[in-house]
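Peer 1: Shown below is the structure under consideration.
The values are calculated or read from the model by the stated rules, or taken from the named source; none is laboratory data. These numbers were taken from a predicted model, which means no experiment stands behind them. Every residue, glycine as well, gets a Cβ built from its backbone with ideal geometry; the counts of neighbours run over all protein chains shown.
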Amino acid sequence: MEWIKNIGYCVAFCYGWICDYSGLASQHEVILILVTLMILDSITGYTKVAVLGNHPTSTRLSIGVISKVTLLILPFTIALLGKGLGINIVGLATGSIMTLLVSEAISVITNIYIIRTKKEVKEFDIVSVMLLRVRKVLLALAQKSE
């Protein structure tokens, strides 16, 4: 069990270092709130699937968790890109964190509504819209630097 504790220490150290180095240290608390909302979204999403009569599987849950972890990489990628290019785009990274926060909160609330009413509701994918906008901003930066 000692190795689990050591892995936890390693993850916490890497997370702290990346937050500090990338310029996102001021967003530390917001990122922890985002992680909490992602966990709640996974729990309510799994419950929603079960309530609607579908068969929740560990594979489906694993894919959802991996998808959320990849979303957490986004703000760090943006901030580290700016650091590497020598430009300050921490604001863009912070904006992506805020968009993810709103998206996760909406998803949790929607899942709770579906669990309560047992009625499907179409979800709006804010994250896809944000990813396209971030991509456009980064492409514009790349063209500007040429």
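Peer 1: Condition check: within 16 Å of the chain's Cα centre (by Cα) and of a type outside the set (Asp, Glu). Does Leu52 satisfy that?
Peer 2: Values: within 16 Å of the chain's Cα centre (by Cα): no; of a type outside the set (Asp, Glu): yes.
Answer is no for this residue.
Peer 1: What's the number of the only condition in (1) among the acidic types (Asp, Glu); (2) without any contact (Cβ under 8 Å) to a residue 12 or more places away in the chain; (3) under 27 Å from Val108 (Cβ atoms) that Asp41 fails to meet?
Peer 2: Every listed condition holds for Asp41 apart from (2).
Peer 1: Within segment 82-124, how many residues are farther than 15 Å from Val137 by Cα and without any contact (Cβ under 8 Å) to a residue 12 or more places away in the chain? If you could, list the steps in order and put the result at the bottom.
Peer 2: Step one: filter segment 82-124 for residues farther than 15 Å from Val137 by Cα, giving 83-84, 86, 97-124.
Going one step further and asking which of them are without any contact (Cβ under 8 Å) to a residue 12 or more places away in the chain, we end up with 84, 86, 109, 113, 116-117, 119, 121-122.
Number satisfying all stated conditions: 9.
Peer 1: Can you tell me which residue in segment 94-126 is farthest from Ser22 (Cα to Cα), limited to those that are of a type in the set (Val, Ile, Thr) and crowded, with 18+ Cβ neighbours inside 10 Å? Show your work before the answer.
Peer 2: Residues of segment 94-126 that are of a type in the set (Val, Ile, Thr), as a first pass: 94, 97, 99, 102, 106, 108-110, 112, 114-115, 117, 121, 126.
Keeping just the survivors that are crowded, with 18+ Cβ neighbours inside 10 Å gives 94, 97, 99, 108, 110, 114.
Values: Thr94: 11, Ile97: 14, Thr99: 19, Val108: 29, Thr110: 33, Ile114: 38 Å.
Across segment 94-126, the extreme among qualifying residues is Ile114.
Peer 1: Of the numbered conditions (1) assigned to a helix (DSSP H, G or I); (2) touching a helix residue (DSSP H, G or I) at 6+ places or on another chain (Cβ under 8 Å); (3) of a type in the set (Phe, Trp, Tyr), Tyr113 satisfies every one except a single condition; which is it?
Peer 2: The single condition Tyr113 does not satisfy is (2).
Peer 1: Now for a separate question. Take Lys48 and tell me if it is touching a residue at least 12 places away in the same chain (Cβ under 8 Å), more than 30 Å from Gly84 (Cβ to Cβ), out of contact with any Lys or Arg (no Cβ under 7 Å at 6 or more places or on another chain) and basic (Lys, Arg). Break it down stepwise before answering.
Peer 2: Details: touching a residue at least 12 places away in the same chain (Cβ under 8 Å): yes; more than 30 Å from Gly84 (Cβ to Cβ): yes; out of contact with any Lys or Arg (no Cβ under 7 Å at 6 or more places or on another chain): yes; basic (Lys, Arg): yes.
When the stated conditions are applied, Lys48 passes them.
Okay, residues lined up against (1) on the phi < 0 side of the Ramachandran plot; (2) assigned to a helix (DSSP H, G or I); (3) of a type in the set (A, V, I, L, M):
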{"position": "Gly45", "(1), (2), (3)": "yes, yes, no"}
{"position": "Asn54", "(1), (2), (3)": "yes, no, no"}
{"position": "Arg60", "(1), (2), (3)": "yes, yes, no"}
{"position": "Ile63", "(1), (2), (3)": "yes, yes, yes"}
{"position": "Lys68", "(1), (2), (3)": "yes, yes, no"}
{"position": "Leu74", "(1), (2), (3)": "yes, yes, yes"}
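Peer 1: Do the conditions hold for Leu37, that is, is it aliphatic (A, V, I, L, M), surrounded by 15 or more Cβ atoms within 10 Å (Cβ to Cβ) and either within 17 Å of the chain's Cα centre (by Cα) or not in a helix (DSSP H, G or I) (or both)?
Peer 2: On the way: aliphatic (A, V, I, L, M): yes; surrounded by 15 or more Cβ atoms within 10 Å (Cβ to Cβ): yes; either within 17 Å of the chain's Cα centre (by Cα) or not in a helix (DSSP H, G or I) (or both): yes.
Answer is yes for this residue.
Peer 1: How many residues, within segment 118-144, are among the charged types (D, E, K, R), at pLDDT below 85 and either assigned to a helix (DSSP H, G or I) or in contact with a Leu (Cβ under 8 Å, 6 or more places away or on another chain) (or both)? Even if it seems obvious, please write down each step before you answer.
Peer 2: As a first pass, look at segment 118-144 and keep what is among the charged types (D, E, K, R): 118-120, 122-123, 125, 133, 135-136, 144.
Restricting the remaining residues to those that are at pLDDT below 85 gives 122-123, 125, 144.
After this cut, where a residue has to be either assigned to a helix (DSSP H, G or I) or in contact with a Leu (Cβ under 8 Å, 6 or more places away or on another chain) (or both) as well, the list is 144.
Of the residues in segment 118-144, 1 are among the charged types (D, E, K, R), at pLDDT below 85 and either assigned to a helix (DSSP H, G or I) or in contact with a Leu (Cβ under 8 Å, 6 or more places away or on another chain) (or both).
Peer 1: Among the residues of segment 90-108, is any hydrophobic (A, V, I, L, M, F, W, C) and touching a Gly at 6+ places or on another chain (Cβ under 7 Å)?
Peer 2: Within segment 90-108, one or more residues are hydrophobic (A, V, I, L, M, F, W, C) and touching a Gly at 6+ places or on another chain (Cβ under 7 Å).
Peer 1: Filtering segment 72-81 down to residues that are without any contact (Cβ under 8 Å) to a residue 60 or more places away in the chain, surrounded by fewer than 19 Cβ atoms within 10 Å (Cβ to Cβ) and under 15 Å from the mean Cα position of the chain (by Cα), which residue is nearest to Gly45 (Cα to Cα)?
Peer 2: Leu72
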